[in-house]
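Worksheet: one structure, shown below.
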Amino acid sequence: MIRIQIIQGDITILKSDVIVNAANEQLLGGGGVDGAIHRAAGPELLAACKDIKEDPPGIRCPTGECRITPGFELPSAFVIHTVGPVWKGGREEEEKALRNCYRGCLSLAEKNDLKTIAFPAISCGVFGYPLKQASKIAIETITSFPTTKSSLRLVLLVAYNREIRVALKQALG
Ligand code: APR
C-alpha cells in the first residue's frame, strides 16, 4: 500500500516528483490552486497547457481526466492537471468523477515512473464539493490503488488550511 502523509501548507512550494493541479477543462489557468501553480511555475506552464490538444474544441482535459506537463519554475518536476467535478448536489455522478481524478493522477504518475505525488483537495474550493465527502473519496481511492508493481511510494495530501487537514485526518482514520 502507498504511504499517505497529510500536510498543511502551500502545494506550490513543495518539492515532490509531481504536484496535482485542480484545473478546469480549458487548462488556461484560473483562481485557487490553479492560479497559484501557474504563478509559481511561470509563463511556460500556460504555453505547455496551450500545446495540449483540444478535443472537442475548447476542452483540453474533460472532467475526471488528467494531463501532465513539466513544472518549469516549480520545485516539482511535473504538474498533473486534473479537472474535478463541479458539485451539483451529488445527483450527477460527481463522486465517480472525483474518484476518476484521484485514480487517473496516480496512474499517470506511475506511467511516468514517479515516486511522490502531492494532491490539493480537488473540487473543494470554487467547485464546491463538500469537504468531508471529498476527503473520504480521496482516501478510499488512494488506499485502494493497486501498488504491486508501482513506482509510487508516497502520496502527500496538502491541506491549505486547518479545516481541510482535520477533514483529511478524519477520513484517514
Ligand atoms: N496549495 C494547496 N491547496 C490550495 C492552494 C495552494 N496554494 N490554493 C488553494 N488550495 C486549495 C483550496 O483551499 C481548496 O481546498 O485547493 C482546493 C481546491 O480549490 P480550488 O483551487 O478552488 O479548485 P476547485 O474547487 O477544484 O475548482 C477548480 O477553480 O481556480 C479555478 O481554474 C480553476 O476553474 C477551476 C476551479
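When the helices of the chain are scored as -39500 (n - 2.57) per DSSP H run of n ≥ 4 and the total is divided over every residue, the value at 222 nm lands at -11000 deg cm²/dmol.
Listed by chain and number, the lysines placed with their C-alpha closer than 22 angstrom to that of residue 132 are 88, 96, 169; residues fewer than eight positions away on the same chain are left out. Estimated from the Cβ-Cβ distance and a Förster radius of 25 angstrom, the FRET efficiency linking residue 170 and residue 126 is about 0.60. Shown in residue order for the range 81-98 are the 3J(HN,Hα) couplings computed by the Karplus curve 6.51 cos²θ - 1.76 cosθ + 1.60 at θ = phi - 60°: 8, 10, 10, x, x, 7, 5, 10, x, x, 9, 10, 6, 4, 4, 4, 5, 5 Hz (x for Gly and Pro). Counting only residues at least eight positions apart within a chain, or on another chain, the lysines with an alpha carbon under 22 Å from that of residue 149 are 111, 115. Looking at the chain alone, DSSP beta bridges between its own residues are antiparallel in about 25 percent of cases. Here the Kirkwood formula puts the hydrodynamic radius of the range 88-160 at 12.8 Å, using every distinct Cα pair.
Counted by Cβ distance under 10 Å from residue 154, the other residues give a net charge of +2, where Lys and Arg count +1 and Asp and Glu count -1. A Stokes-Einstein calculation at 10 °C with viscosity 1.306 mPa s, built on the Kirkwood radius of the range 24-112 over Cα pairs, returns a diffusion coefficient of 117 µm²/s. Translational diffusion coefficient of the range 1-59 at 4 °C, 1.567 mPa s, Stokes-Einstein with Kirkwood Rh over Cα pairs, in µm²/s as a whole number. Estimated via Stokes-Einstein, D reaches 100 µm²/s.
Extension gain for the segment residue 92 to residue 161, taken as residue separation times 0.36 nm less the Cα-Cα distance, is 22.0 nm to one decimal. List the longest stretch of the chain that has no exposed loop site; here a site is one of the trypsin sites (Lys or Arg not before Pro) assigned by DSSP to anything other than H, G, I, E or B, with at most 16 other Cβ within 10 Å. The reported range is 16-52.
The three principal axes of the Cα atoms in the chain give end-to-end lengths of 41, 35, 31 Å, sorted in falling order. Database remark: amide H of residue 21 closer than 5 angstrom to the amide H of 80, 81, 82 (H placed geometrically; neighbours at sequence offset of 5 or more, or on other chains; Pro and chain starts carry no H).
Any read-out appearing in this document is the output of simple, stated calculations on the displayed coordinates, not a laboratory observation. No experiment lies behind these values; they were computed from the predicted model shown. Positions of Cβ are generated from backbone atoms using ideal geometry, with glycine treated the same way; all protein chains shown enter the neighbour counts.
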